[in-house]
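Input: a single structure, listed below in C-alpha cells.
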Amino acid sequence: MRRVYPNKDVCIGCHICEVACLTAHSASNDVVIAAKEEVATGLQPCKAVYDKGQLSVALSCRHCDNPSCVSACISGALYKDQETGRTCYNEEQCVGCWSCLMACPYGAVRRNVTKGKIIKCDLCEGREMPACVQACPNNALVYESR
Amino acid sequence: MSYVIIGNGVASVGAIEGIRKVDTTTPILVVSEEDTPTYGRPLISYFLAGKIGLDRVSLRPDEFYEKNNVEVKLDTRVAAVDTAAKTITTEAGEVIEYKELLLATGGVPFMPPIKGIDGSGVFNFTTLNHAHMLLDLSKRIHRVVVVGGGLIGLKAAEALRYNGLSTAIVELGSRVLSAAFDDVAGNLVAQQLEDKGITICCGTTVEEILRTEQGEVIGVRLANGQKLACEAVVVAIGVVPSLDLAKDAGIAVNRGIKVDDNMSTSVEGVYAAGDVAEAPDMIAKEGRVTPIWPNAFSQGYHAGLNMASEEASPHPGGLPMNAISFYGLPTASLGHVNPSEDENCEVFTFTDEENGVYRKLVFRDEKLIGYVLVGEVDFAGLYTGFIRFGLDITPDVKEELIAGKPSALLWPEEEFDTKWTPAAE
Amino acid sequence: MLFKPISQNFSDFVIDRENDRCINCEVCVRQCSYEAHYWDDARQCVSHDHTKCVGCHRCEAFCPTGCLTIKKNPADFRDNALWTPTYMKHVYKQGDTGGILLSGMGSPADKPIYWDNLQLDASQVTNPSIDPLREPMELTTYLGSKPDKVSFEETSDGPKLTTKIGPQLKLNYPLMFSAMSFGSINLNLHKAMAMAATELGIAYNTGEGGLHPDLYKYGNNTIVQVASGRFGVHKDYLNAGSAVEIKIGQGAKPGIGGHLPGEKIDEEVSKTRMCPVGSDAISPAPHHDIYSIEDLLQLIYAIKESTEYKVPVSVKIAAVHNAPAIASGIVRAGADIVVIDGFRGGTGAAPTMIRDNVGIPMELALAAVDNRLRDEGIRNHASLVVAGGIRCSADAIKAIALGADAIYIGTAALVSVGCTLCGRCYTGKCPWGIATNEARLKKRQNPEVAAKRLANLVRAWGHEIQEMLGGMGLNSIESLRGNRDKLRGLGLNETELDILGVKHAGR
Ligand SMILES: Cc1cc2nc3c(=O)[nH]c(=O)nc-3n(C[C@H](O)[C@H](O)[C@H](O)COP(=O)(O)OP(=O)(O)OC[C@H]3O[C@@H](n4cnc5c(N)ncnc54)[C@H](O)[C@@H]3O)c2cc1C
Ligand code: SF4
Ligand code: SF4
Ligand code: SF4
C-alpha cells in the first residue's frame, strides 16, 4: 500500500503540511476559516512537524502492518482495513480513553481535547494525494509504496 | 477441522484477525460462556456511567464473525479439554475436535474471604452483565462501597457516582492505583475523585459486610473500626486467571498458563493468550501475567498467526500499560514505574500541582523503562517508543525527555531511518 | 522603535499583511532568515519589521493564505534626477557604517543591454524555414581547439581523419552552468548542477572552491576551476573534470579578488577548499605567479601536463577595455577555451562601486574579441564562451550569432531554483537556501528538485533555440556561430553597430 514517507534531509520545517492537513480536514475547506474559526471548535491537524537543531521532520500515522493502536483500542474505533491496509478510525466509536495515544510508539495519535476523541492521519480519505504531500514545497513528503 | 478458541474477549478477537491474516479458509469456532458477541470490556464503565449506549459497546461490526468465517457458540461453557484426542467438551456434553486450540479464557474476579461476602448485594464489575446489574441497582439504592482502589475499582466508583450514588472506595494500600502509579500520581487521581464527592479510605480493608437479619446489605465494617453505610458492595480487587481447564488438561500453569514467545503452551497445538496467559515480559524478561487489554489483543493476534502459520511470529513481549481518565483527568502509565531501591534505576519526576500535571520517568542502563503521566498525556506515545524499541538514551536525549519534550528526532538516527523512512523497494 | 536612523526610515520594502487572512501560523516567521517577521508576544500574533525586509519574497511565496505582499516602500524622496534614492541610500548607509558598500548578484544599474537592441532574422520564401519537430536540429557543441585544416586518407572503410584533434568538451546544448563556488553557494546546489549537467549532457563549473568528494562521480560533466586562491586544487581535482578553467577575472568585480567570510566555511567547505574552518578564504586579486602572458602560458602548460593533455584548458577573464588583445594573448598562450565574463555577471559578494562601474558589456566585448581572433587567424585555436547576464534563449542565440561557441548561465540558473535577486548573497542568510551554508537554510534546496528545475530550464531554452534556428532556415547551431548577418541592430548608433559588426535593421 502507499504510505506517506518523510524525508528529514530536505524537510525545511516550514509547517505548511500541518496547515494543509488542517484545511483538508476542515468543514469549510478554506484555510482561513479552518484556522480562524474551526480550530476554535476543535479542528486539529494529524500532521506534526518536529524540530531539533537543524533537523525538521513531519510525521503522522505510519499505518503500521501490525499496529499497537489497534491492539490498544478498547472501543473498536481503530481497526485495520483489510482491503486498503490502512489503519482506520471511526470517530463515532471512540470514547477518548487515550489508550491508543499511549500505545502508539510513534506518537502518531493526538488528543482532541475539545471533542474528547482522538485524531489520527487517515491518509486524506477521498483525496487522490494526501494534502500534506501535495502541499510540501520541498518534496520532503512522498506518497508511495515501499 | 476448525481452529477452536475458548473465550470471546479481546484476545479471541486478536486471534481471529491473526489467523485470518495467514489462513483465510479454515473455519474458526469460538466458544464463549458469555452470551453477548464480543464487546469492549473496559467500556462497561462508560456504559454504566451513561456515557455510551449499548449500541456502542461492541468491539467489532456485526458482520465481523460472518465475514471472517467464524462460528460462535455463545452462552456455552467448556468443561474439559482433551489434548491427546484434540477435543473439547462443552458443559452440555458436546465434543468438538480442534485443529489448533487457543485458551483465551481471561480471568475471574477474586473474591476475598470477607465475613458476609456471600449473599445478595455483593457485586463484581468485569462483565457487561455486571454493568447491567449495577445499572439496575443504582436506580434502587443510594449508597455503595467499592472494595479495591485499583483501576477497575476506581472506574466502577466513578461510574456509580455518575448515577448519583454516594460512593466510597476502600483500599488496603496506602494509596489508590498502587500497582501502576506512585504516591503523587495516585494522590492527584484521589484528589480528583474526592472533588467529585467520592470518599476514599486507604490503608484499611473491609472486615465484614453488615447485613440485616433478612440478609440485606446495610453497610461495611472496616479494619480500622469505622463503619460505612451502604446498600451494596462492589468487590474489585483483581482478577485471577481462569486456569481450571488448562490445569485439568495437564497443561503447565503457574500463576497463569505458561506460554513461550509464540504463545504456545506446554502442549503442542494448544495456545493461550490474554489475561489467562503468563507470557514473557518485555522489560522483566520473564513470565508475567499482565491482565491488560493491549497485551490481550496482541498476544491473541500472535497466537493466531502462529496457529495458522508454519513460520513463527514471536510476540515482542508484554508491556504493562494503562491509560485511564477520571472525570476528565487523563493519566497514562507504562512499563516499570515503581522500581525498588536496589534496582539501580534513575527516577525523574516533575510536578505542577496547580495544573494537575505530573510526570515520572524511570531509566535503567541508559534506557527508559517506565513512565507515569498525569494531566498532560499528549506525548505518551513518544515516550512509549523509547521503551518499546529499547532505544539508547544519551544525556542530551535524557534531558529533553525529562523536560517533557520527547520527539522522534531524539531517536538514534539509524532507528529513525529504519522505522520512518525504510528504503524504497 | 522610537527613533529610526534615516537609513531605516527609507527601508527598501514594506510588508503588507492582510490581517483578516493572517492565521498566525508563523510560516513567514520560520521562513524569514532576516527576522523581519516575528511572533509578537505582547499582541499574541505574528508581526513584522519593515526595515529588516530585503525583498526576497520568500514569505509571500510560502504564506499559506496568501495574505502577504512585499511592496516597494512608497515613502518618496523629493524628485531629483541626479540624487536618485539609490545614491541617497548608499550615502545613508555609509554614514552609518563607514564601510565599503557590498552587493550580491549582477549589477542592477540601468546601463545599455544590447540584446534588447538586436533582432534575429527569419526565412521567407527564398530559403525555407525548418520545423525542428520534423527534422533533425543539431545543438551539439564541442569546445576546444580546432585544427587549421583537416586531412583525410582513403581506406577500404571510407575516408579516415588523419589530423590529430586536441581534447574537446562535448555539450548537447551550447549552454553550461557558470562557475559558482562551493562555499558561495552550497553543496545541495552543486549537487543539483552536477546532476542536471549529467542528465543534459552539458557541463557545470565548480567555481574556485574545489570539488566535494561526493561530486567526483559527475566528473564527465564538470569543469574544474583554478583561481588565484588555488582553493581545493590538487592533482586529483584537476583530473576529476572534463575541462580545467583558469579564472583570471570575474565580470562582476574585474581587478579584485574574492573574499569568502569565515562564517561560510564549515567543515565540508573547509575540507573541500583545504583551508581552516571559520577562517576567511581570500582569493588575491591577481594570481601571484601570473604577471604576463608568458606566465599564463606556464600555468596553462603545467595544467596540461598534469592532466596529460586529455582535457581542454580554459581561461576566464572579465570583459574589460582591452579584452580583445588579452584574449589574443590567452589563445596564443595555449588556452583551448576563452571565457569572457561581462559586467552584468553575478557574484556572491562584490563592492557595489566596482560591480556597477567597472568593466564593459559582454555583447561588445564578445563581438570585439571574436573580430580580433578572426583578424589574427586564430579564432579556431580556441572556443569562445561568454557569461554574464544571459536572461533567455534569445539572448543566448544572439550571443552565438555574435560569435560565441557556448554560453555560461549563472544568474538564470539560480533564478530557476528560486533566487529573487534580492542581492544579499554576501550575508550568508539566503532565504531561498542558495547562497548560504547554514544547515537549516541550505536544506531549502532539495537537490533533486533543483536538478529538475535546472534541467527543465536548459531543455526549454534548447527547444526555443531550435525553433529560432529553424525559423532562420538553419538546422545546426554551427551554422549560426559568428553569423552576424542574422542580426540587425535597432536604435544603435554607428559606433555600436560597427563594434557589434551588425547592420541596422532595414539594411
Ligand atoms: C471494568 C474494566 C475496565 C478495564 N479497563 C481497562 C483499561 O482501561 N485498559 C486495559 O488495558 N485493560 C483494562 N481492563 C482489562 C481488560 O479488559 C482485560 O485485560 C481484557 O479484557 C482481557 O481480555 P481476554 O480476552 O484475555 O479475557 P476476557 O475479556 O476476560 O475474556 C475471556 C472470556 O472467556 C470466557 N470464558 C472463560 N472461561 C470459559 C470457559 N471455560 N468456557 C467458555 N468461555 C469461557 C469468559 O466468559 C470471557 O468472556 C479492564 C477490565 C475491566 C473489567
Ligand atoms: S497510530 Fe501509531 S501504531 Fe497506529 S498505525 Fe499509526 S503509527 Fe502505527
Ligand atoms: S482513545 Fe478512542 S480510538 Fe483511542 S483507544 Fe480509546 S477508544 Fe480507541
Ligand atoms: S511541508 Fe514539507 S518541508 Fe515543510 S515542514 Fe512539512 S514536510 Fe517539512
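Each value in this text was obtained by applying a stated rule to the coordinates, not by laboratory testing. The model shown is predicted, which means the values in this text are computed figures rather than measured ones. Using ideal geometry, Cβ is built from the backbone for each residue, glycine included, and neighbour counts are taken over all protein chains shown.
Counting beta carbons within 10 Å around each of C:MET362, C:MET195, B:MET111 and listing the fewest first gives the order B:MET111, C:MET195, C:MET362. Shape annotation for chain A: C-alpha extents along the principal axes are 39, 38, 32 Å, from largest to smallest. Its relative contact order, with pairs defined as Cα atoms under 8 Å and 6+ residues apart, puts the stretch A:63-107 at 42 percent. Shape analysis of the stretch C:198-304 yields a ratio of the Cα radius of gyration to the Kirkwood radius, Rg/Rh, of 0.97.
Computed from backbone phi, the HN-Hα couplings of the stretch B:303-311 come to 4, x, 4, 6, 5, 9, 10, 6, 7 Hz, rounded to whole numbers (Karplus: 6.51 cos²θ - 1.76 cosθ + 1.60, θ = phi - 60°; Gly and Pro given as x). Fewest-first ordering of A:ARG110, C:ARG230 by other beta carbons within 10 Å of each residue's beta carbon gives C:ARG230, A:ARG110. By the equivalent-ellipsoid construction on the alpha carbon gyration tensor, the stretch A:63-107 comes out with semi-axes of 16, 13, 7 Å, ordered largest to smallest. For B:VAL357, the amide hydrogen comes within under 5 Å of the amide hydrogens of B:ASP352, counting only partners 5 or more places away or on other chains and with H modelled in the peptide plane.
Protection proxy ranking, highest mean first, for peptides C:457-467, A:57-67: A:57-67, C:457-467, where packing is the per-residue count of other beta-carbon atoms within 10 Å, averaged. With θ taken as phi - 60° and the Karplus curve 6.51 cos²θ - 1.76 cosθ + 1.60 applied, the whole-hertz 3J(HN,Hα) list for the stretch B:227-241 is 10, 10, 7, 6, 9, 7, 10, 10, 9, 9, 10, x, 10, 10, x Hz, x standing for glycine and proline.
In this structure the amide hydrogen of C:GLY334, modeled in the peptide plane, comes within under 5 Å of no amide hydrogen from residues 5 or more places off or on another chain.
How charged is the neighbourhood of B:THR105? Take every other residue with its Cβ under 9 Å from the Cβ of B:THR105, and add Lys/Arg as +1 and Asp/Glu as -1. Taking every other residue near B:THR105 into account, the sum is -3. List the pairs from A:LYS120/B:LYS67; A:LYS52/B:LYS405; C:LYS217/C:LYS304; C:LYS93/C:LYS442 whose alpha-carbon separation is above 19 Å, in the order I gave them. Beyond 19 Å: A:LYS120/B:LYS67; C:LYS217/C:LYS304; C:LYS93/C:LYS442.
Give the calculated FRET efficiency between C:LYS52 and B:GLU353 to the nearest 0.05, with a Förster radius of 45 Å applied to their Cβ-Cβ distance. According to the calculation, E is roughly 0.55.
Considering all different alpha carbon pairs of the stretch C:227-287, the Kirkwood hydrodynamic radius works out to 12.5 Å. Near B:ASP378, no amide H atom lies under 5 Å from its own; only residues 5 or more places off or on other chains count, and H is placed 1.01 Å from N.
Only helices enter the 222 nm calculation for the protein assembly as shown: every DSSP H run of n ≥ 4 contributes -39,500 (n - 2.57), and dividing by all residues gives -7500 deg cm²/dmol, rounded to 500.
Relative to the dominant Cα principal axis of chain C, helix C:447-471 is inclined by about 50°. Calculated over the protein assembly as shown, the projected area of the Cα convex hull averaged across directions stands at 58.7 nm². Using bins of 10 Å that start at zero, the share of Cα-Cα pairs per bin across chain C amounts to 4, 18, 28, 25, 16, 7, 2, 1, 0, 0, in whole %.
The HN-Hα couplings worked out from phi for the stretch B:217-226 by the Karplus form 6.51 cos²θ - 1.76 cosθ + 1.60 (θ = phi - 60°) are 5, 10, x, 10, 10, 8, 4, 7, x, 5 Hz, whole numbers, x standing for Gly and Pro. Against the compact-protein benchmark of 2.2 N^0.38 Å, the Cα-based radius of gyration of the stretch B:1-140 scales to 1.19.
Measuring max minus min along each principal axis, the C-alpha atoms of chain B give extents of 63, 61, 41 Å (largest first).
Of the two radii for the stretch B:111-237, the radius of gyration is 0.94 times the Kirkwood radius, both from the alpha carbons; that is the Rg over Rh value. Taking all Cα pairs closer than 8 Å and separated by 6 or more residues, the relative contact order of the stretch B:10-103 comes to 27 percent. Each listed q (0.17, 0.26, 0.28 Å⁻¹) maps to a log10 I(q)/I(0) for the stretch B:162-218 from the Debye sum over equal C-alpha point scatterers, namely -0.66, -1.05, -1.12. Here the relative contact order of chain B, from alpha carbon pairs under 8 Å that lie six or more residues apart, stands at 15 percent. By the count of neighbouring beta-carbon atoms within 10 Å, fewest first, C:HIS190, B:HIS142, B:HIS130 end up ordered B:HIS142, B:HIS130, C:HIS190. Quotient of the Cα radius of gyration of the stretch C:399-484 and 2.2 N^0.38 Å, N being its number of residues: 1.42. For a straight C-alpha distance cut-off of 19 angstrom, the aspartates and glutamates reachable from C:LYS310 (same-chain residues fewer than eight places away being disregarded) are C:ASP236, C:GLU245, C:ASP336.
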